Amino acid sequence: MAQEFHLKLITRRAEGGDPIVRDRQLEGAEATIGRASGNDIVLADLTIDPRHARMRFSGPGRVSIESVSDLPFEVDGKSVQSVELHVASRPVVTFGAYRLAFAPGYGDAVGVTVTREADEQHASPGIFSLQAKVFGRRNMAWVLGAGIFLLCLLVPMILVLFTANPRIRPDEQWSSGPLSRAHAFMEKDCKSCHANAFVAVRDEACLTCHTADAAKAPKALADARRLGSPFEPRLISEHAPHAELIKAAPLPDGMGGKINVLVQRALNHPTDRCASCHIEHNPAKGGSASAPLGDKPKLVVVQTCESCHSELKMRLPNTGLIDTPDWSKHPAFRPLVMMQAGPAPKFVRAALDTAPQEHNGLIFPHRLHLDPMGGVAREAIALGRPAGYGAPLECASCHRRDATGGGFLPIEMERDCGDCHSLAFARVGGELRNLPHGDVSKAIATLAGGALPAPGGSDRIGPGAFAASGATAYRATFSRGGACYDCHTISWSGDTVRLAPTKLADRYLPRGGFNHAVPEHGGPGRSKTGGFACADCHRAQASDKSEDVLIPDLTKCGTCHGRTTAQIAAADDADCTTCHSFHAPGAATPKPGQPPLRTLRWPEAMRSRAEAWTPG
Amino acid sequence: MTQAGGHHTERVRQRTHEGFLRHKGFRWAQIAALVCLVVIAVYFFVAVRLAEAPGGGSWLGYLLGTMSAGLIVWLACLGIRKRVITAGHYSLKAWVSAHVYLGLSLIVLATLHTGFQFGWNVHTLAYGLMMLVIASGVLGIWAYATLPQRLHGNRGETTRKQMLEALQSLDRQLHDLALPLDREGAQVARLSLEETELGGSFWRRLTGAYGDCATRRARHRLAALPAPAEPRQADALAKIAIVLEQKSDVLGLARRQMQITAFLEGWLFVHIPATFALLAALTAHIVSVFTYW
């Protein structure tokens, strides 16, 4: 048989079923391949050129194909421009979507099976749904959920529970808000306060730096510094022993408050902790967005003074405190009245309306000293202005304000009385020699000892006289007319002199703060109308003996406090906090923000402490 | 008269197909609104009386937080509930209605729970995710309420299957018409046949941005082809131009259909993953609060 191509054209039906097969014979040893209908082999594929390639017999059992269009075709997966085929090896040539399979035919003829490869893919209506196109919803959900669980809970939790000092602190993301400036240095170290997981911040954490316990305070200050605090911590005392405090505090008013406290206690979140009132991580109520946090933790008053100090005996049967449900029911002052003077004086609390008598061991008639027409006044005038007198005595002649102006320095005999009550007992070489004050034995030793000057002229200055030495001088000094006799209660047992122990009260009302520096309290500066001078409260001019307790009663405070400005120009509030504070009931509650944080920086704090300790 | 009444009843019954939004005369909308009003009133009554800021740490905050967390877990259970088919009182429709309205009430509950305190922390993350879930849910409500109608309006009487069949038929025509063309002509047809993307990415579907559509480009290139010498080819080119125009029209219709479908389905691609993220963040929020109490 001549060299010719036997074509077998196989067309697959799109809808399936048996393919259509057609046979055709090509005359001649050459055949053209292309898309155009004039070709010997027509391949209806747009990727094929109208005249794509030529195929011819190139020898016995050999067929060569070459491109006539510059477009390639594929043999065994390779793109080629021409190829020499050995028909015996049944080669396959691909043009676009068509597959030409060669096989030996009868004689020299070659069989070519032309098959269209896979038909084009048709879209299904599912393509309209997003699910056909977009990443898996479920996968995304699990990945996101697991990621957040891992990063926001598991990793921080493992670090919190099992590491002491982790290098990274993913638990910072748990912080519900920034700390106040005072505590900001601990911002990154959650565990400095939240010491134990699932346990509410306990007082021990706060007291590490803030305890006022004398034994622990120095370490507390040192610890604060070591932990990096830029500020000196305020040392804080309990209002009362903690166990009593718990018993004394009633549940808050209102159903909500009661439920809140009971639920919190049930959930191991006690409401009697430092952190129950001093709130961190929280903007102040009504705080602005730009300045949500203050210098110090936000103070939340859980209990008012009145809520505990009403019917207190019902909750705390052993208490000696009198109920003070409001200002009008504030009990009369019960000052500490000295019953026995001496180095370890004894006091009792006695109500002022019982006219208590103080036993300070001293003989001192205020009236005598303040009488403008009396001898004391005359002597003061005689002492003259250069000595600081020149006029009848007034309170300030003897009572000197302390550095703050809010209180007074303790009376010192030499400084405050000595200008008139001389302790001089001799003149040596033109210089006066004074008896030492405050210790009888030293005074006696001075009078009897070698330092005793030779008898000479009298140096009597002021009360007290001596004109003898040794035993005579000793007896004279402690007898009527002697230097000590006027003020001290003296008794003799044979030749031995005894002076009654003396002690002046430091503070009559240590459970309340009173500020003498307020102009209306007789302090310096301009007082409002109705303000008081010393004599308005302290009836010293009418007091003939030092046993008189010269502090005023509460009614005096009530002249202004609790009044309206319509009633008196000097009217002021009558709030418990005016005279008491929670942690230090003996002092007024500091104004909010006092002392300012900047004054608590270490250098400033140390300086002001040093100044406060400097006498005078 | 009786008959007239019967007619009336019949007509009412036909009208009473109600969606989940109107279920039982907005019963759940009313319940949710009532919850919100009570919570708002309590908040503003209590907030001024609270000693502390009324945030999550106050007793009111704990109460609102517990309510919100419980609600979130219940709302998330819709995913489980919808796979269980029941009827009657607690039908899926009732459940979805409650899901929608109670979910919306969470905006009030959870926002008041925060006490308007926000920060870069896990707590605000949980809040943000919750708001994202709610916002995507609102989109979903809007989609379900309006889009099915628009889908219908867009396709007219043509079904999606018919659109695809039309495209296939046009492609076949295009292919056959292009067979006699020379290489350039064939390439124009191939451009449209091989590179036209019906759907495309999520964003493309959502935005309907098909400016670089291959069929559109094919039409431009077709117009720029030099006039062929053979009348047969010129005739084919003219027919191809018509087929490409028709194909563009069908593509536009199908793509609009896809866009609306994308809106209809797209919100769930935020709603569901954000819900999972929210549940994780909520767990972290609650556990961390009690860890660092």
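The values are calculated or read from the model by the stated rules, or taken from the named source; none is laboratory data. Bear in mind that the values here come from a model prediction, so they are computed numbers and not experimental data. Cβ sites come from the backbone with ideal geometry, for glycine too, and all protein chains shown count toward neighbours.
Some observations on this one:
- Exactly one residue out of B:A281, B:A262, B:A254 is assigned to a helix (DSSP H, G or I), within 9 Å of chain A (Cβ to nearest Cβ) and modelled with pLDDT of 95 or more: that is B:A281.
- Number of the condition not met by A:A31 [criteria: (1) at pLDDT 90 or above; (2) within 30 Å of B:S192 (Cα to Cα)]: (2)
- Hey, B:R190 within 10 Å of chain A (Cβ to nearest Cβ), farther than 30 Å from A:S37 by Cβ and surrounded by 15 or more Cβ atoms within 10 Å (Cβ to Cβ) or not: no
- Any hit, region A:215-224, residues being within 14 Å of chain B (Cβ to nearest Cβ) and either among the charged types (D, E, K, R) or more than 27 Å from A:D323 (Cβ to Cβ) (or both): no
- Test set (1) in contact with a Leu (Cβ under 9 Å, 6 or more places away or on another chain); (2) over 30 Å from B:V243 (Cβ atoms) - B:M163 fails condition number: (2)
- Residues of region A:501-512 include at least one that is more than 47 Å from the chain's Cα centre (by Cα) and of a type outside the set (D, E, K, R).
- Any hit, region B:223-232, residues being within 30 Å of B:G199 (Cβ to Cβ), touching a helix residue (DSSP H, G or I) at 6+ places or on another chain (Cβ under 8 Å) and assigned to a helix (DSSP H, G or I): yes
- Every listed requirement among (1) outside any loop (DSSP other than H, G, I, E, B); (2) at the interface with chain B (Cβ under 10 Å from one of its Cβ atoms); (3) modelled with pLDDT of 85 or more is met by A:G257 save one, (3).
- Hey, B:Y210 modelled with pLDDT of 85 or more and assigned to a helix (DSSP H, G or I) or not: no
- Options A:L267, A:L245: the member that is more than 10 Å from chain B (Cβ to nearest Cβ) and hydrophobic (A, V, I, L, M, F, W, C): A:L245
- Number of the exception - B:K247 against (1) away from chain A (no Cβ under 12 Å); (2) under 20 Å from A:F128 (Cα atoms); (3) out of contact with any Ser or Thr (no Cβ under 9 Å at 6 or more places or on another chain): (3)
- Residue pairs meeting the criteria (Cβ under 9 Å; at least 6 apart or on separate chains; first closer than 16 Å to A:P325 by Cβ, in region A:243-256; second of a type in the set (K, R) and modelled with pLDDT of 90 or more): A:A248/A:R315; A:A249/A:R315; A:P250/A:R315
Residues are listed down the side, and each one gets a yes or a no for (1) in contact with a helix residue (DSSP H, G or I) (Cβ under 7 Å, 6 or more places away or on another chain); (2) closer than 30 Å to A:M157 by Cβ; (3) modelled with pLDDT of 85 or more; (4) in a helix (DSSP H, G or I):
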site	(1), (2), (3), (4)
B:G55	yes, yes, no, no
B:G61	yes, yes, yes, yes
B:S68	yes, yes, yes, yes
B:A94	yes, no, no, yes
B:S97	yes, no, yes, yes
B:V100	yes, no, yes, yes
B:L104	yes, no, yes, yes
B:T124	no, yes, yes, yes
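- A Cβ distance below 7 Å, combined with a sequence gap of six or more or placement on separate chains, defines the contacts here; from region A:134-149, residues that are facing another protein chain (nearest Cβ under 7 Å) reach no residue that is modelled with pLDDT of 95 or more and outside any helix (DSSP H, G or I).
- Only listed residue being modelled with pLDDT of 85 or more and either facing chain A (nearest Cβ under 9 Å) or surrounded by fewer than 18 Cβ atoms within 10 Å (Cβ to Cβ) (or both), chosen from B:V39, B:V73: B:V73
- Count of region A:49-67 residues which are free of Cβ contacts under 8 Å to residues at least 24 places away in the same chain and surrounded by 14 or more Cβ atoms within 10 Å (Cβ to Cβ): 6
- Among the residues making up region B:193-207, a single one is in a loop (DSSP other than H, G, I, E, B), more than 9 Å from chain A (Cβ to nearest Cβ) and surrounded by fewer than 18 Cβ atoms within 10 Å (Cβ to Cβ): B:E197.
- For region A:348-370, filtered to residues that are within 22 Å of A:R480 (Cβ to Cβ) and surrounded by fewer than 19 Cβ atoms within 10 Å (Cβ to Cβ), the residue that is farthest from the chain's Cα centre (by Cα) is A:L368.
- Candidate set: region A:213-265, residues that are under 30 Å from B:V46 (Cβ atoms) and among the β-branched types (V, I, T); chosen: the one surrounded by the most Cβ atoms within 10 Å (Cβ to Cβ): A:V261
- Any hit, region B:146-153, residues being under 20 Å from the mean Cα position of the chain (by Cα), surrounded by fewer than 19 Cβ atoms within 10 Å (Cβ to Cβ) and hydroxyl-bearing (S, T, Y): yes
- For region B:160-186, taking the residues that are farther than 20 Å from A:G38 by Cα and within 8 Å of chain A (Cβ to nearest Cβ), the one that is surrounded by the fewest Cβ atoms within 10 Å (Cβ to Cβ) is identified as B:K161.
- A:G28 vs. criteria under 22 Å from A:V110 (Cα atoms), out of contact with any Cys (no Cβ under 9 Å at 6 or more places or on another chain) and within 14 Å of chain B (Cβ to nearest Cβ): no
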